[in-house]
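Working notes for the structure below.
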Amino acid sequence: MKIIRIIAFAALGLAKLVLLAYLCLKAYRIRMHAITTFGHVIHEFDPWFNYRATEYLAEHGWSKFFKWYDYMSWYPIGRPIGTTIYPGMQFVSVWIWEAAKFIPDTKYVIPKHIVSQIPKWMLFYLPNKGKLLAFGPMSLNDVCCLVPAWFGALATFLTFLLASELSESTSVGLFAAAVMSVIPAHIMRSVGGGFDNEAVAVSAFVLVLLLWVRSIRTPSSWFFGVFAGLAYVAAAATWGGYIFINNMIGLHALFLVGFGKYNTGVYRAFTLYFIIGTWGAMLVPVIGWAPLRSVEQMPSLLVFGGYQLIEMCDVYRRRYGKDISPLRFCFLRVLVWCAAGAAVAAVAYVLMEMGVFMPLGARIRGLFLEAVKTGNPLVDSVAEHSPANEKAYELYLGKPRFLAAIGLLFCWHQRTPGKFLVFLYAVVAYHYSLKMSRLMIICGPIVSVLAGFPVGIVFDWCFEQLLGLISFRPVPAETAVEPPRRTGGMCSIWRTAWHFCGPALWPKEIDDVISAKATWGKRMWFIDRPLRAAVAWAVMVACWNNFLGDAKDFVKHCEEVAVHMSSPQLMFESTLRDGKKVIVDDYIRGYEWIKKNTPEDARVMAWWDYGYQITGVANRTSIADGNTWNHEHIATLGRILTGPEKRCHNAMRHLADYVLVWAGGHGDDMGKSPHLARIGNSVFPDHCGDEDPMCQKFSFYQDGSPTPMMARSFLYKAVNHNVKEGVSLSKKYWKEVHSTKHGLMKVFKVMNVSEESKRWVADPANRICDAPGSWYCLGQYPPPLQGMIATRRNFAQLEDFNRKGERVKSAYTRLIEDQRDAKNNGKNNGKRQAQIEDEL
């Protein structure tokens, strides 16, 4: 009988391995639609900056990379790339590219008689549809295009391991991997060509969680905390969302104390993780001292400090107070915590007054505000920072989100302390995604894991019952001797609570029923085992008949979403009237025209969205890009573009040789233009005026016609140049030099460019260095623009508590703050009115 059981589990294990390999391959192939359709093309905006940075790293090495001050972006001030980038993905890509050089260039044609024996559906998943296997070195561009798909497969595999560790079941892990392989919440940032930080970061995040829960599986497995810390360093170096994963583990560590699961092994695991992870993260230039200074990272730091206090008390008890009573030990802890709390509060107050702590960023604040707007018009203008809605959850999470809700009921009976992480992750991820749709990506792993719980656990139970027909279940081995129970803390509190409440919640009769059932099952096994098998078979058949269709619909939905998300934006598929599909590549051809037909030192002005593409594709100097590190500079750009034609030219001639706009109605600049004006007004109060913080003066009327301010603006005239009757730019100021095939991009040459200002900016003597001979030298605006720059008002965010005295807020910020207060007051008044009605 044991042999039959061994054979059955071996066959099941082999089937699981094959299915896991298929799921990883499926995760890779579903992300390859863009490569198959458009070729190895980098997508959208941010990926072009990431690719350009990867090229620089590959050419110049890591030392120069971290001292790279880029004067081709954010002209004329430039940008310090090395200290403002999360370089993890760039390093990984270069390492893969270098490693690929050692692979011999090999091509093998598979014989036709072998190909003919392979099922057609399987050929789709093989390279070149199984006709040719090719190996060898790859270009850096191709590596960067394929990294998201590779890491999509890796994230699927790591999700399998994480779910298996949390549930103690490989079946749960397998079903979790099945969801993770295709769930749009992950595909949204990991399609081929989408060289985004999140493509690598999600895999790193899952790895951190996997190693963390492995380190606390038993008191003796704490050494895995070292690897968890190292994995966290990799995650922190990859994406700014590392703050989420750090606080997630800190919150889990806190809950372990609250639920009485603390022990020396947990202490060692968390301490090693935090010290190694924090130290490594601080070595990343863009992070620096933030783990010890930023408010959003304080929770994890405070939990670390609390762990030291708990262990200090335990060490004292083991060495000097073995005979101390639980009550006295409890009072000792309370005394220590009160003293430490007072000391920490005093030190924190002093440090806050000294301006040591960094304020919450606008994006972080947005996660905790009830209002939709953050008070920063630049942040509010980004669509992915808007809250998620039901349609977004349906699109990115699909039907597995309902299965995940059921999974919350299945994740409590496991012995591992990691089970609490599942619930905490789900709650926090759901809250964050509600506030910012971009963070839907962190819901992908937890929805996959939770969706795997009910399916995997039910499958394991059914398989065990069916196997019971031919083989007895082995008697469980004796469990290891439990360590002595901890006293004087949460363990004692929970035991005392159970002593009084337990009999009511779990009467002795329940244990009697369970015992009687087990006894009956042993004595009447010839009835019990077939009955169990029949129930298991019925459950499996019912699940297959009722949920197979839903599973197919979900996979079909994921395939359709993957195709939709695979558009590089620089080019896209369009369907003609006759049904023929064509690829519209206006944008990339426009940038290529600039690269071929303009001087190498040409400066190209455009809205900041296109800055990465100007430097990455056209290889020309841009005025601003998606890094958005300097609000005032972007506001200056917004004011220039949305200003009257003559005033716009007076400033533009000192900053740019060419200016481009997106036109043609396909997400063109007119749709974005109200945001440009609003951002400009947040710094230049004379643009729309403080009495109009939403810049309603720069907008459209209900009939689609522009307001007078918009009609006079450069941007409106440039987008509609010679398209709308009577709308054109003055030839005195600009000359149209290129319009793409479908009119989606227009390029204008700036007339009467100030060469004096251009030479002044290029002169190193006019840059401000942080130290003599330093690489960090900030550029300056040319003298003719100093008058305009002097009228700027520095944008003060609501959370900047380090400012002394009265803070000057923009009119937009004050408006959002007033709207938030009015909403809160309305709710409070409503609650008070309800209380009065109840009293009456």
- Could you rank the peptides 199-210, 724-735, 458-469 by their average count of other C-beta atoms within 10 Å per residue, with the highest value first? 199-210, 458-469, 724-735
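Applying 1/(1 + (r/R0)^6) with R0 = 25 Å to the Cβ-Cβ distance of Gln569 and Glu390, what FRET efficiency is obtained, to the nearest 0.05?
Numbers: r = 26 Å, r/R0 = 1.04.
The pair Gln569/Glu390 has a calculated efficiency of 0.45.
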- Query: How far is it, in nm, from the label point at Arg577 to the one at Phe500 when both lie 7 Å from their Cα along the line to the Cβ?
  - Reply: 8.2
- Quick one: helix 88-100 against the long Cα principal axis of the chain, what's the angle to the nearest 10°, folded into 0 to 90? 80
- Query: Say each of Met352 and Ala134 gets a label point 7 Å from the Cα, pointing the same way as Cα to Cβ; how far apart are those two points in nm?
  - Reply: 6.2
- Task: Might you work out the accessible area of Lys64 for me, using a 1.4 Å probe with all protein chains in place, and round it to the nearest 10 Å²?
- Result: 120
- Item | Cα coordinate range in the stretch 31-101, projected on the principal axes (Å, largest first) | 40, 28, 17
- For the stretch 122-278, what is the largest minus smallest coordinate of the Cα atoms on each principal axis, given in angstrom and ordered from greatest to least? 58, 33, 27
- Which entries in the list Lys26/Lys129; Lys64/Lys596; Lys595/Lys746 go over 19 Å, if you measure between the two C-alpha atoms of each? Lys64/Lys596
- Message: Among the listed pairs Lys646/Lys717; Lys697/Lys717; Lys101/Lys131, which have their C-alpha atoms separated by more than 20 angstrom in this model?
- Response: Lys101/Lys131
- For the stretch 1-72, what is the Kirkwood hydrodynamic radius in Å, using each pair of distinct C-alpha atoms? 16.8
- Item | Rh (Kirkwood; distinct C-alpha pairs) - the chain, Å | 30.7
- the chain - percent of accessible surface contributed by carbon and sulfur, probe 1.4 Å: 64
- Note on the structure: Rounded to the nearest 10 Å², the accessible area of Lys556 using a 1.4 Å probe with every protein chain kept is 130
- Take the Cα pairs of the stretch 515-648, get the Kirkwood Rh, then feed it into Stokes-Einstein at 37 °C and 0.692 mPa s and tell me D in µm²/s. 153
- Note on the structure: Non-local residues with an amide H under 5 Å from the amide H of Val737, with H modelled 1.01 Å from N and Pro and chain starts lacking one, are Val747, Phe748, Lys749
- Query: So how far, in whole Å, is the C-alpha centre of the stretch 88-120 from the one of the stretch 389-451?
  - Reply: 35
- Query: What pairs from Lys435/Lys741; Lys552/Lys580; Lys2/Lys120 go past 30 Å between their alpha carbons?
  - Reply: Lys435/Lys741; Lys2/Lys120
- What FRET efficiency, computed as 1/(1 + (r/R0)^6) with R0 = 22 Å and r the Cβ-Cβ distance, is obtained for Val555 and His40, rounded to the nearest 0.05? 0.25
- Message: Given a 1.4 angstrom probe, what's the average accessible area per residue across the stretch 159-291, in square angstrom?
- Response: 27
- Message: Can you tell me the orientation of helix 419-435 relative to the chain, as the angle in degrees between its alpha-carbon axis and the longest Cα principal axis, to the nearest 10?
- Response: 30
- Based on DSSP H runs of at least 4 residues, each adding -39500 (n - 2.57), what is the mean residue ellipticity at 222 nm of the chain after dividing by all its residues, to the nearest 500 deg cm²/dmol? -19000 deg cm²/dmol
- Mind checking the angle between helix 586-597 and the chain's longest principal axis? C-alpha axes, 0 to 90 degrees, to the nearest 10. 50
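The values are calculated or read from the model by the stated rules, or taken from the named source; none is laboratory data. All figures in this text were calculated on a predicted structure; none of them were measured in a lab. So basically every Cβ, Gly included, is an ideal-geometry build from the backbone, and we count neighbours across all protein chains shown. Quick note on the areas: whole protein, heavy atoms, side chains included, nothing else; ligands and nucleic acids left out. Shrake-Rupley method; radii C 1.70, N 1.55, O 1.52, S 1.80 Å.
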